[in-house]
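Below is one structure, written out as structure tokens; the observations come after it.
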Amino acid sequence: MKKWVSVAIAVTVACLSAASATAEEQEFDPLAVDVAEALECRLDPRTYNGFALTLGSDDSGYQARGWKRQESNNSFLSQYELPEPVIVAGHSTRTIVFSSSAIMAVLDIDIKELAHHETIENVMGNGQKFLGERVISSKTETDDGLTFTATVKRVLSNVTSHPGKALLGCSYAVEIKD
């Protein structure tokens, strides 16, 4: 009898945990995520990842947001045209790109001027290629027995597929620790 009660309690706890997780998942609405907030590094990595993972879905993806997918001429970037301009670091654009863990605005501005304004150094030296980042936040947390580090970085680069443009945005990463 005690074994059955223990099993019943374990099943109840599991069901309550699943219901709680389902309720939390239902509360997250990727369409409520403001793309300007993502571009300005104002999201936590979990929220950003939840948003970014839905971009291809029918109900909460890029089409539901009114975005138009564009050719980026770069196999590492997914590019979208926004229905309305967004302001990033004081500059307006309707074009954004996503890489593996980052969202960036495509801006018509001198990258060196922008780097100075954003206090980001070029790790590639003084050549034509620019690649740099600045850590905005890095937090180590434990949740459900897993320890992870969530890091948000301001990123700035240029790429040959977008000549004369500066790509400015944020990288959101979650690294699980042992």
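Details
- Average Cα contact separation per residue, segment 49-178, under 8 Å, 6 or more apart, as relative contact order %: 19
- Sulfur and carbon atoms: percent of accessible area, the chain [1.4 Å]: 53
- Long-range HN-HN contacts of residue 70 with modeled amide H, under 5 Å: 79, 80, 81
- Residue 135 contributes about 90 Å² of solvent-accessible surface, heavy atoms of the protein only, 1.4 Å probe.
- Per residue, in Å², the accessible surface of the chain once ligands and nucleic acids are set aside, probe 1.4 Å: 62
- Working note: Karplus 6.51/-1.76/1.60 with θ = phi - 60° gives segment 166-176 the couplings 10, 9, 10, x, 9, 10, 10, 10, 10, 10, 7 Hz, where Gly and Pro are set to x.
- Of the trypsin sites (Lys or Arg not before Pro) found in segment 65-149, those that fall in a DSSP loop while having at most 15 other beta-carbon atoms within 10 Å are 129.
- Test item: Cα-centred dipole of segment 28-137, Lys/Arg +1 and Asp/Glu -1 on Cβ, debye: 220
- Ranking of 151, 142, 160 by solvent-accessible surface, largest first: 160, 142, 151 (1.4 Å probe, protein heavy atoms only, all chains present).
- Estimated D of segment 101-143 in µm² per second, where Rh is the Kirkwood radius over Cα pairs and Stokes-Einstein applies at 20 °C, 1.002 mPa s: 171
The values are calculated or read from the model by the stated rules, or taken from the named source; none is laboratory data. Worth saying up front: this structure is predicted, and the values here are computed from it rather than measured. Note that we place each Cβ from the backbone using ideal geometry, even for glycine, and neighbour counts take in every protein chain shown. Side chains included, ligands, DNA and RNA excluded: accessible areas come from the protein's heavy atoms. Shrake-Rupley method; radii C 1.70, N 1.55, O 1.52, S 1.80 Å.
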